[in-house]
Amino acid sequence: MPDQQLRIDRCVCHDVTFERALEVAKSRSLSLDQLADELGCTTGCGSCEPYLRRCLATGQVVFHEIIED
Ligand code: FES
């Protein structure tokens, strides 16, 4: 259930916002793996990966719920 007080909007390990990741991915048609190589996101703790997957699929850049898959 969405929790408006919860705000997840970036890869914390590499301080890359999902907004920036989406911009880079779209402008150069990068896959998630290519984005990881380019910006480092998903290569630390990995907890941003499901968010980035959804971000690339839907364009959503701010999340108010925990996504674990
Ligand atoms: S939050 Fe992105 S790798 Fe840890």
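Which residue is farthest from the ligand (Cβ to nearest atom), if the candidates are limited to region 55-69 and must be in a helix (DSSP H, G or I) and in contact with a helix residue (DSSP H, G or I) (Cβ under 9 Å, 6 or more places away or on another chain)?
Residue satisfying both the conditions and the ranking: Leu56.
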**Prompt:** Which condition does Gln34 not pass, out of (1) surrounded by 16 or more Cβ atoms within 10 Å (Cβ to Cβ); (2) away from the ligand (no atom under 11 Å from the Cβ), if it passes all the others?
**Reply:** (1)
**Prompt:** Can you tell me which residue in region 10-20 is nearest to the ligand (Cβ to nearest atom), limited to those that are in contact (Cβ under 8 Å) with a residue 40 or more places away in the chain and under 15 Å from Arg53 (Cβ atoms)?
**Reply:** Cys11
**Request:** For region 3-52, name all the residues that are at pLDDT 95 or above, acidic (Asp, Glu), within 16 Å of Ile66 (Cα to Cα) and outside any helix (DSSP H, G or I).
**Result:** Asp9
**Message:** Looking only at region 14-38, how many residues end up being under 10 Å from the mean Cα position of the chain (by Cα) and not aliphatic (A, V, I, L, M)?
**Reply:** 4
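The values are calculated or read from the model by the stated rules, or taken from the named source; none is laboratory data. Bear in mind that the values here come from a model prediction, so they are computed numbers and not experimental data. Backbone-built Cβ (ideal geometry, glycine too); neighbour counts: all protein chains shown.
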